[in-house]
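The values are calculated or read from the model by the stated rules, or taken from the named source; none is laboratory data. Since the structure is predicted, the reported quantities are computational estimates derived from the model, not experimental observations. Cβ sites come from the backbone with ideal geometry, for glycine too, and all protein chains shown count toward neighbours.
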Amino acid sequence: MSGPPDPRYGTGHPPEDRTGDQGDVPAPDPSGASASSATHDPVRARHRRGARAGRFWSVRRVPAALLALVVLGGTGLLLYDVAAVRAGRPAMRWRRVLARELADRPLHDLWVLTGAAFAVAIGLWLLVLALSPGLRGLLPMRRDRHGVRAGIDRSAAALVLRDRALEVSGVRSARVRVGRGRVRLRAVSHFRGLDDVRADLDTVIGTGIGELGLAGAPRVSLSVRRPTRKG
(Lines give C-alpha, C1' and ligand atoms only; values in the text may rest on other atoms or scores of the structure.)
Protein backbone atom coordinates (compact mmCIF):
# COMPACT_ATOMS: atom_id res chain seq x y z
CA MET A 1 0.00 0.00 0.00
CA SER A 2 1.47 3.30 -1.08
CA GLY A 3 1.76 6.17 1.30
CA PRO A 4 0.48 9.74 0.89
CA PRO A 5 1.89 11.76 -1.99
CA ASP A 6 4.99 13.71 -1.32
CA PRO A 7 4.07 17.44 -1.17
CA ARG A 8 7.31 18.26 -2.97
CA TYR A 9 6.02 16.51 -6.11
CA GLY A 10 2.35 17.40 -5.89
CA THR A 11 0.98 14.32 -7.78
CA GLY A 12 2.97 11.64 -6.08
CA HIS A 13 5.21 11.16 -9.11
CA PRO A 14 8.69 12.57 -9.52
CA PRO A 15 9.08 15.37 -12.04
CA GLU A 16 9.84 14.36 -15.59
CA ASP A 17 13.25 14.95 -17.05
CA ARG A 18 12.57 17.41 -19.90
CA THR A 19 16.14 17.87 -21.03
CA GLY A 20 16.37 14.76 -23.19
CA ASP A 21 18.51 15.19 -26.30
CA GLN A 22 17.76 18.92 -26.60
CA GLY A 23 19.95 20.01 -23.70
CA ASP A 24 18.97 22.33 -20.91
CA VAL A 25 16.10 24.71 -21.48
CA PRO A 26 17.44 28.29 -21.31
CA ALA A 27 16.07 30.55 -18.61
CA PRO A 28 13.72 33.27 -19.81
CA ASP A 29 15.14 36.75 -20.30
CA PRO A 30 13.86 39.15 -17.60
CA SER A 31 13.37 41.83 -20.26
CA GLY A 32 10.82 39.64 -22.04
CA ALA A 33 12.77 39.26 -25.31
CA SER A 34 15.24 36.63 -26.36
CA ALA A 35 18.82 37.56 -27.19
CA SER A 36 18.46 36.52 -30.82
CA SER A 37 15.33 38.59 -31.45
CA ALA A 38 16.86 41.67 -29.79
CA THR A 39 19.99 41.33 -31.89
CA HIS A 40 18.60 40.42 -35.29
CA ASP A 41 15.24 42.24 -35.35
CA PRO A 42 15.74 45.19 -37.76
CA VAL A 43 12.40 46.77 -36.88
CA ARG A 44 13.20 47.06 -33.20
CA ALA A 45 16.69 48.30 -34.00
CA ARG A 46 15.28 50.98 -36.29
CA HIS A 47 12.81 52.06 -33.61
CA ARG A 48 15.60 52.36 -31.06
CA ARG A 49 17.65 54.54 -33.39
CA GLY A 50 14.64 56.69 -34.33
CA ALA A 51 13.42 57.51 -37.83
CA ARG A 52 14.37 60.67 -39.66
CA ALA A 53 12.17 63.57 -38.54
CA GLY A 54 11.60 66.21 -41.19
CA ARG A 55 9.83 69.52 -40.89
CA PHE A 56 6.07 69.74 -40.83
CA TRP A 57 4.40 70.86 -44.07
CA SER A 58 1.82 73.60 -43.97
CA VAL A 59 -1.43 73.14 -45.89
CA ARG A 60 -1.53 76.90 -46.66
CA ARG A 61 -5.28 77.14 -46.98
CA VAL A 62 -5.39 80.95 -47.07
CA PRO A 63 -2.96 81.47 -50.02
CA ALA A 64 -4.55 78.58 -51.91
CA ALA A 65 -8.05 79.98 -51.34
CA LEU A 66 -7.02 83.50 -52.42
CA LEU A 67 -5.32 82.21 -55.56
CA ALA A 68 -8.33 80.05 -56.41
CA LEU A 69 -10.70 83.02 -55.97
CA VAL A 70 -8.57 85.30 -58.16
CA VAL A 71 -8.21 82.69 -60.91
CA LEU A 72 -11.90 81.83 -60.73
CA GLY A 73 -12.99 85.48 -60.89
CA GLY A 74 -10.64 86.38 -63.75
CA THR A 75 -11.52 83.29 -65.77
CA GLY A 76 -15.25 83.75 -65.24
CA LEU A 77 -15.09 87.41 -66.28
CA LEU A 78 -13.07 86.61 -69.40
CA LEU A 79 -15.37 83.77 -70.43
CA TYR A 80 -18.41 85.99 -69.94
CA ASP A 81 -16.90 88.70 -72.17
CA VAL A 82 -15.94 86.18 -74.86
CA ALA A 83 -19.45 84.72 -74.81
CA ALA A 84 -20.95 88.23 -75.05
CA VAL A 85 -18.77 89.05 -78.09
CA ARG A 86 -19.81 85.75 -79.74
CA ALA A 87 -23.42 86.69 -79.14
CA GLY A 88 -22.96 89.97 -81.07
CA ARG A 89 -22.43 92.37 -78.18
CA PRO A 90 -19.39 94.67 -77.91
CA ALA A 91 -16.48 93.65 -75.72
CA MET A 92 -16.11 95.16 -72.28
CA ARG A 93 -14.23 98.42 -72.05
CA TRP A 94 -11.39 96.97 -69.90
CA ARG A 95 -10.61 94.33 -72.52
CA ARG A 96 -10.59 96.86 -75.37
CA VAL A 97 -8.29 99.16 -73.40
CA LEU A 98 -5.98 96.27 -72.45
CA ALA A 99 -5.76 95.03 -76.03
CA ARG A 100 -5.01 98.54 -77.32
CA GLU A 101 -2.34 99.17 -74.70
CA LEU A 102 -0.64 95.81 -75.38
CA ALA A 103 -0.63 96.55 -79.11
CA ASP A 104 0.67 100.14 -78.84
CA ARG A 105 3.18 100.01 -75.97
CA PRO A 106 6.71 98.68 -76.69
CA LEU A 107 8.23 95.90 -74.60
CA HIS A 108 10.71 98.24 -72.90
CA ASP A 109 7.92 100.51 -71.61
CA LEU A 110 7.94 101.15 -67.86
CA TRP A 111 4.40 99.87 -67.29
CA VAL A 112 5.06 96.70 -69.28
CA LEU A 113 8.24 96.00 -67.31
CA THR A 114 6.46 96.72 -64.04
CA GLY A 115 3.62 94.35 -64.87
CA ALA A 116 6.07 91.64 -65.95
CA ALA A 117 8.11 92.04 -62.76
CA PHE A 118 4.95 91.83 -60.66
CA ALA A 119 3.85 88.64 -62.45
CA VAL A 120 7.32 87.10 -61.98
CA ALA A 121 7.31 87.99 -58.29
CA ILE A 122 3.89 86.42 -57.80
CA GLY A 123 5.01 83.29 -59.64
CA LEU A 124 8.18 82.98 -57.57
CA TRP A 125 6.18 83.47 -54.38
CA LEU A 126 3.81 80.67 -55.36
CA LEU A 127 6.75 78.39 -56.20
CA VAL A 128 8.35 79.06 -52.83
CA LEU A 129 5.07 78.28 -51.08
CA ALA A 130 4.72 75.06 -53.05
CA LEU A 131 8.29 73.82 -52.47
CA SER A 132 8.96 74.92 -48.88
CA PRO A 133 7.55 73.10 -45.83
CA GLY A 134 6.40 76.17 -43.93
CA LEU A 135 5.41 76.09 -40.24
CA ARG A 136 8.69 77.72 -39.24
CA GLY A 137 7.47 78.13 -35.66
CA LEU A 138 7.18 74.36 -35.11
CA LEU A 139 10.32 72.37 -34.32
CA PRO A 140 10.24 68.63 -35.14
CA MET A 141 11.04 66.19 -32.35
CA ARG A 142 12.76 62.84 -32.51
CA ARG A 143 10.75 59.95 -33.93
CA ASP A 144 11.38 57.24 -31.35
CA ARG A 145 8.19 55.34 -32.25
CA HIS A 146 7.13 54.22 -35.70
CA GLY A 147 4.24 56.21 -37.15
CA VAL A 148 4.29 58.90 -34.45
CA ARG A 149 5.37 62.47 -35.20
CA ALA A 150 5.63 65.25 -32.66
CA GLY A 151 6.69 68.87 -32.62
CA ILE A 152 7.11 71.69 -30.15
CA ASP A 153 6.44 75.36 -30.67
CA ARG A 154 9.53 77.56 -30.63
CA SER A 155 7.99 79.93 -28.11
CA ALA A 156 7.21 77.03 -25.77
CA ALA A 157 10.76 75.71 -26.09
CA ALA A 158 12.12 79.19 -25.35
CA LEU A 159 9.91 79.43 -22.24
CA VAL A 160 11.17 76.08 -20.94
CA LEU A 161 14.81 77.03 -21.48
CA ARG A 162 14.28 80.45 -19.89
CA ASP A 163 12.86 78.83 -16.76
CA ARG A 164 15.89 76.54 -16.65
CA ALA A 165 18.23 79.51 -16.98
CA LEU A 166 16.53 81.38 -14.13
CA GLU A 167 17.23 78.41 -11.83
CA VAL A 168 20.97 79.03 -12.12
CA SER A 169 22.42 80.78 -9.12
CA GLY A 170 23.33 84.37 -9.91
CA VAL A 171 20.99 84.83 -12.89
CA ARG A 172 18.72 87.81 -12.40
CA SER A 173 16.92 87.79 -15.74
CA ALA A 174 17.17 85.91 -19.02
CA ARG A 175 15.90 86.18 -22.56
CA VAL A 176 15.84 83.14 -24.83
CA ARG A 177 15.16 83.03 -28.54
CA VAL A 178 14.87 79.63 -30.20
CA GLY A 179 15.43 79.43 -33.92
CA ARG A 180 15.47 76.45 -36.24
CA GLY A 181 19.20 75.91 -35.78
CA ARG A 182 20.32 78.20 -32.96
CA VAL A 183 19.35 79.03 -29.39
CA ARG A 184 20.27 82.54 -28.24
CA LEU A 185 20.40 83.22 -24.51
CA ARG A 186 20.99 86.67 -23.04
CA ALA A 187 21.29 86.61 -19.25
CA VAL A 188 21.92 89.24 -16.58
CA SER A 189 23.88 88.17 -13.49
CA HIS A 190 23.99 90.34 -10.37
CA PHE A 191 26.44 88.22 -8.37
CA ARG A 192 28.96 85.39 -8.83
CA GLY A 193 31.63 85.42 -11.47
CA LEU A 194 30.45 85.76 -15.05
CA ASP A 195 32.56 82.79 -16.18
CA ASP A 196 31.05 80.55 -13.50
CA VAL A 197 27.52 81.65 -14.41
CA ARG A 198 28.23 81.13 -18.09
CA ALA A 199 29.57 77.62 -17.46
CA ASP A 200 26.50 76.68 -15.39
CA LEU A 201 24.19 78.12 -18.06
CA ASP A 202 25.98 76.16 -20.75
CA THR A 203 25.44 72.94 -18.81
CA VAL A 204 21.82 73.67 -17.89
CA ILE A 205 20.79 74.79 -21.37
CA GLY A 206 22.53 71.81 -22.97
CA THR A 207 20.67 69.45 -20.65
CA GLY A 208 17.39 71.27 -21.29
CA ILE A 209 17.81 71.04 -25.05
CA GLY A 210 18.47 67.32 -24.75
CA GLU A 211 15.34 66.83 -22.66
CA LEU A 212 13.22 68.68 -25.22
CA GLY A 213 13.74 65.75 -27.59
CA LEU A 214 14.43 67.83 -30.69
CA ALA A 215 15.30 66.05 -33.92
CA GLY A 216 18.35 68.23 -34.49
CA ALA A 217 20.64 69.67 -31.83
CA PRO A 218 20.68 73.47 -32.22
CA ARG A 219 23.77 75.55 -31.58
CA VAL A 220 23.80 77.60 -28.39
CA SER A 221 24.85 81.24 -28.18
CA LEU A 222 25.34 82.52 -24.62
CA SER A 223 25.82 86.08 -23.41
CA VAL A 224 26.09 86.98 -19.72
CA ARG A 225 26.52 90.54 -18.47
CA ARG A 226 26.14 92.65 -15.38
CA PRO A 227 23.02 94.78 -14.87
CA THR A 228 23.40 98.35 -16.07
CA ARG A 229 23.48 101.02 -13.42
CA LYS A 230 20.98 103.80 -13.81
CA GLY A 231 22.03 107.35 -13.04
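The table for this structure:
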quantity: Candidate set: segment 215-231, residues that are in contact with a Lys or Arg (Cβ under 7 Å, 6 or more places away or on another chain) and surrounded by fewer than 17 Cβ atoms within 10 Å (Cβ to Cβ); chosen: the one farthest from ARG164 (Cα to Cα); calculated: PRO227
quantity: Test for ARG142: is it surrounded by 13 or more Cβ atoms within 10 Å (Cβ to Cβ) and either among the β-branched types (Val, Ile, Thr) or free of Cβ contacts under 8 Å to residues at least 60 places away in the same chain (or both); calculated: no
quantity: Some residue of segment 206-214 being surrounded by 14 or more Cβ atoms within 10 Å (Cβ to Cβ), of a type in the set (A, V, I, L, M, F, W, C), out of contact with any Asp or Glu (no Cβ under 8 Å at 6 or more places or on another chain) and assigned to a helix (DSSP H, G or I); calculated: yes
quantity: Residues that are closer than 27 Å to LEU139 by Cα and surrounded by fewer than 12 Cβ atoms within 10 Å (Cβ to Cβ), drawn from segment 171-205; calculated: GLY181, ARG182, THR203
quantity: Any hit, segment 76-92, residues being touching a Pro at 6+ places or on another chain (Cβ under 9 Å), at pLDDT below 90 and surrounded by 10 or more Cβ atoms within 10 Å (Cβ to Cβ); calculated: yes
quantity: Top-ranked residue in segment 47-75 [being among the charged types (D, E, K, R) and surrounded by fewer than 12 Cβ atoms within 10 Å (Cβ to Cβ); ranked as modelled with the highest pLDDT]; calculated: ARG61
quantity: Residue in segment 134-181 that is farthest from ARG219 (Cα to Cα), counting only those that are of a type in the set (S, T, N, Q) and outside any helix (DSSP H, G or I); calculated: SER169
